[in-house]
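In what follows, a single structure is set out as structure tokens and then discussed.
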Amino acid sequence: MVRESEIRPGEVAVDPPAAADAGLVFIGRIRTPWTSRLECPRQGRLDGPSCRIEVFEPWAAALDGIGGFERLEILYWLHLSRRDLVLQSPRNDGAARGTFSLRTPVRPNPIGTSIVRLVAVEGAALLVRGLDCLDDTPLLDVKPDRTLFAPLAPPQQRDFQVGDPT
């Protein structure tokens, strides 16, 4: 069962350091049908409900060309997630695992990612299916799904000598 903020048996919370090493800019908001973690799906489904990604100015121009992609990767800030658990018991059975081995929203930097299906582009908004975040979630980034791209050819190899400044 999804929980709001309790500590389960076997879980460990820490006091995180003060944030001073990064700055993020929210470039928009995500509109979904879910207002509580208790009702939000654990994983988005490409046949799930249509959700709206609203991009703020001046970032709306960055959507130019986005309609040519079938799938997008959406990065968002899980603003209601706690950030202090290093061990978690997702099944509530007392068997805890490290946060970095889980896809939980409870993370030191609660960045969520979803691969979504693009349904439509409406000005500075995207209609998508496949999200699993709460209504009014802050948007961090939008990218074409990386699996749609072929890897770049590796640069030519050079022989380097130890101490070579180039």
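The values are calculated or read from the model by the stated rules, or taken from the named source; none is laboratory data. Since the model is a prediction, treat every value here as computed from it, not as a measurement. Here the Cβ is made from the backbone with ideal geometry for all residues, glycine too, and neighbour counts use every protein chain on show.
Annotations for the structure displayed:
- Figure legend. Inter-residue proximity from region 118-136: first residues in contact (Cβ under 8 Å) with a residue 24 or more places away in the chain, second residues aliphatic (A, V, I, L, M) and assigned to a loop (DSSP other than H, G, I, E, B), beta-carbon distance below 9 Å, spacing 6+ or different chains. Indicated pairs: Arg129/Leu46; Gly130/Leu46; Cys133/Leu78; Leu134/Leu78; Leu134/Leu80.
- If you filter region 39-97 down to residues that are under 15 Å from the mean Cα position of the chain (by Cα) and of a type in the set (Phe, Trp, Tyr), you find that the one that is surrounded by the fewest Cβ atoms within 10 Å (Cβ to Cβ) is Trp77.
- Of all the listed residues (Asp135, Asp145), the sole one being of a type outside the set (A, V, I, L, M, F, W, C) and at pLDDT 95 or above is Asp135.
- Of all residues in region 98-121 being hydrophobic (A, V, I, L, M, F, W, C), closer than 28 Å to Ala61 by Cβ and touching a Lys or Arg at 6+ places or on another chain (Cβ under 8 Å), the one that is surrounded by the fewest Cβ atoms within 10 Å (Cβ to Cβ): Val119
- Filter result for the condition that a residue is in contact with a Lys or Arg (Cβ under 7 Å, 6 or more places away or on another chain), assigned to a loop (DSSP other than H, G, I, E, B) and closer than 30 Å to Arg8 by Cα, over Asp93, Asp132: Asp132
- All of (1) among the small types (Gly, Ala, Ser); (2) over 16 Å from the mean Cα position of the chain (by Cα); (3) at pLDDT 95 or above hold for Gly28 with one exception: (2).
- Evaluating Ser81 against the criteria (1) of a type in the set (S, T, N, Q); (2) out of contact with any Pro (no Cβ under 9 Å at 6 or more places or on another chain); (3) under 15 Å from Arg37 (Cα atoms) leaves one unmet condition, (2).
- Among residues of region 20-39 that are in contact (Cβ under 8 Å) with a residue 60 or more places away in the chain, none has a beta-carbon under 7 Å from a residue that is surrounded by fewer than 10 Cβ atoms within 10 Å (Cβ to Cβ) and among the polar types (S, T, N, Q) at least six positions away or on a different chain.
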